[in-house]
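A.B. asks: So that we are looking at the same thing, I have put the structure below in structure tokens.
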Amino acid sequence: MIKTQLEEVRERIEAACLRAGRSSSEVTLIAVSKTKPVSMLKEAYDCGARAFGENRVQELISKKPELPEDIRWHMIGHLQRNKVSQVIGKAVLIHSVDSLRLAQQIETEAARKGLEADILLEVNVAREESKYGFMMEEVEEAIMLIKNFSHVHIKGLMTIAPFVENPEENREIFKKLFDFAVDIGSKNIDNVTMDVLSMGMTGDYEVAIEEGATMVRVGTGIFGAR
Ligand SMILES: *Cc1c(COP(=O)(O)O)cnc(C)c1O
């Protein structure tokens, strides 16, 4: 049942915040609703969920009009450049900016529409071959170019940690991304803030929160297996 699951996730977030000496108001729970029907999203909405994450543009734009307007939609999946125009103005945050060309396309399309786009840079902290994202050593160069875009604003970093049995195995990954964000933030780069750290999924969001996540993306833990 979605209500019970959602309550459990919220309690676990609360407990992780307590352990870390953080306020739970610093952590946004994104209900990852990919592949799930609108009826299930409605149920989560009725239990207070207001942030939803989708990994496909088509799914996001088809579900959005079916649900209340105060939902904040997050684009969390790999984004193809030819889909960018459809998502601008629909998603409040694009978590998955994994190349300079994609950032450039977002700039072009946002400018065309007279809109602004908030983005996160996806970082492949674990250096997994199967994953998208910038390698850590590529991030600074990307930031130095993207900061000059007038319609794109970098709000922080995102990572998808490896699938592991024991979430403790990902603690180092989260710690690394946190330290990296602090380091970049301390440079006070124009048009770049590091307020958002999107990390942690069903298997490891508590550890991610202990290590500084400000957004956790939880799908299975709320909606059940896909
Ligand atoms: C599917 C997905 C999630 C949620 O995964 P769960 O393990 O079901 O919580 C989080 N982030 C991204 C980028 C995803 O694609």
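A.B. asks: For region 106-128 and region 20-82, what is the centre-to-centre distance using only Cα atoms, to the nearest Å?
C.D. replies: 18
A.B. asks: Students often check this: by mean Cβ neighbours within 10 Å, which of 125-132, 81-88 ranks highest, and how do the rest follow?
C.D. replies: Going from most to least packed, we get 81-88, 125-132.
A.B. asks: Multiplying the sequence separation of R101 and R50 by 0.36 nm and subtracting their Cα-Cα distance, what value in nm do you get?
C.D. replies: Numbers: separation 51, 0.36 × 51 = 18.36 nm, distance 3.07 nm.
Full extension from R101 to R50 adds 15.3 nm.
A.B. asks: Further question: Report, ordered by chain and residue number, the lysines lying within cross-link reach of K83, taken as a straight Cα distance under 25 Å and ignoring same-chain residues fewer than 8 apart.
C.D. replies: Hits, sequence-local ones excluded: K34, K36, K63, K64, K113, K131, K147, K155.
A.B. asks: So, one more: Show me the ranking of peptides 9-15, 112-118 by mean Cβ neighbours inside 10 Å, starting with the highest.
C.D. replies: Values: 9-15: 16.0, 112-118: 14.1.
With the highest mean Cβ count within 10 Å placed first, the list reads 9-15, 112-118.
A.B. asks: Okay, helix-only estimate at 222 nm for the chain: each DSSP H run of n ≥ 4 adds -39500 (n - 2.57), divide by all residues, round to 500 deg cm²/dmol; what do you get? Working shown, then result.
C.D. replies: Working: 9 runs with 89 residues, N = 226.
So the calculated ellipticity at 222 nm is -11500 deg cm²/dmol.
A.B. asks: What distance in nm separates the simple spin-label points at D179 and M136, each placed 7 Å from Cα in the Cβ direction?
C.D. replies: 0.7
A.B. asks: Which value results when the Cα radius of gyration for region 2-223 is divided by 2.2 N^0.38 Å? All intermediate terms of the calculation are to be shown ahead of the outcome.
C.D. replies: Working: Rg = 16.6 Å, N = 222, 2.2 N^0.38 = 17.1 Å.
That works out to 0.97 for region 2-223.
A.B. asks: Between the DSSP loop rule and a limit of at most 15 other Cβ atoms within 10 Å, which trypsin sites (Lys or Arg not before Pro) in region 36-72 are left? Walk me through the numbers before you get to the answer.
C.D. replies: Working: sites: K42, R50, R56, K63, R72; in loops: R50, R56.
Listed in order of number, the matching sites are R50.
A.B. asks: Next question. Quantify how much of the Cα-Cα distance distribution of region 62-140 extends past 16 Å, in percent. Show your work: numbers first, answer last.
C.D. replies: Numbers: 1615 of 3081 pairs.
Looking at region 62-140, the distances longer than 16 Å represent 52 percent of pairs.
A.B. asks: For every other residue with a beta carbon closer than 10 angstrom to the beta carbon of A213, add +1 if it is Lys or Arg and -1 if Asp or Glu, then tell me the sum. Can you show the working numbers first?
C.D. replies: Numbers: positive: R22, R217; negative: E26, D204, E206, E210, E211.
That sum, taken over residues with Cβ under 10 Å, equals -3.
A.B. asks: Place +1 on the Cβ of every Lys and Arg and -1 on the Cβ of every Asp and Glu in the chain, take the dipole about the Cα centre, and give the residue among V57, V9, A225 whose Cα lies farthest towards its positive end.
C.D. replies: Positive-most Cα among the choices belongs to V57.
A.B. asks: Let me check I've understood the local charge: for P162, count other residues with C-beta under 13 angstrom from its C-beta, Lys and Arg +1, Asp and Glu -1. What total comes out? Intermediate results must be reported in sequence, preceding the final value.
C.D. replies: Working: positive: R127, K131, R171, K176; negative: E128, E129, E165, E168, E169, E172, D204.
Once positives and negatives cancel, what remains is -3.
A.B. asks: Under the 0.36 nm per residue contour assumption, what length would be gained going from the current alpha-carbon distance of T193 and E116 to full extension?
C.D. replies: Details: separation 77, 0.36 × 77 = 27.72 nm, distance 1.51 nm.
Value of the extension gain: 26.2 nm.
A.B. asks: Once amide H atoms are built 1.01 Å from N in the peptide plane, which residues 5 or more positions from A51, or in another chain, come under 5 Å H to H?
C.D. replies: Those qualifying (amide H under 5 Å, at least 5 residues apart or on another chain) are A31, R72.
A.B. asks: Toward the positive end of the charge dipole of the chain, about the Cα centre and with charges on Cβ (Lys, Arg +1; Asp, Glu -1), which of L120, P167, T214 goes farthest?
C.D. replies: It is L120.
A.B. asks: Moving on. Evaluate the Debye formula for region 171-217 with equal point scatterers sitting on the alpha carbons, no solvent, and hand back log10 of I(q)/I(0) at q = 0.13, 0.24, 0.26 Å⁻¹, in q order, two decimals.
C.D. replies: Each listed q maps to, in turn, -0.28, -0.78, -0.87.
A.B. asks: What distance in nm lies between label points placed 7 Å from Cα along the C-beta direction at F163 and S62?
C.D. replies: Going by the 7 Å Cα→Cβ label model, 2.4 nm.
A.B. asks: Shifting gears a bit: Using the Kyte-Doolittle scale, find the helices of the chain whose mean hydropathy is at least 0.0 and whose Cα atoms extend 18 Å or more along the helix's long axis, counting only whole DSSP H runs. Working shown, then result.
C.D. replies: Working: long enough: 2-20 (27 Å, -0.36); 100-113 (20 Å, -0.72); 171-185 (21 Å, 0.27).
In the chain, the long hydrophobic H runs are 171-185.
Read the figures in this text as sums done on the coordinates, not as results from a lab. Just so you know, these numbers come straight off a predicted model, no measurement behind them. Here the Cβ is made from the backbone with ideal geometry for all residues, glycine too, and neighbour counts use every protein chain on show.
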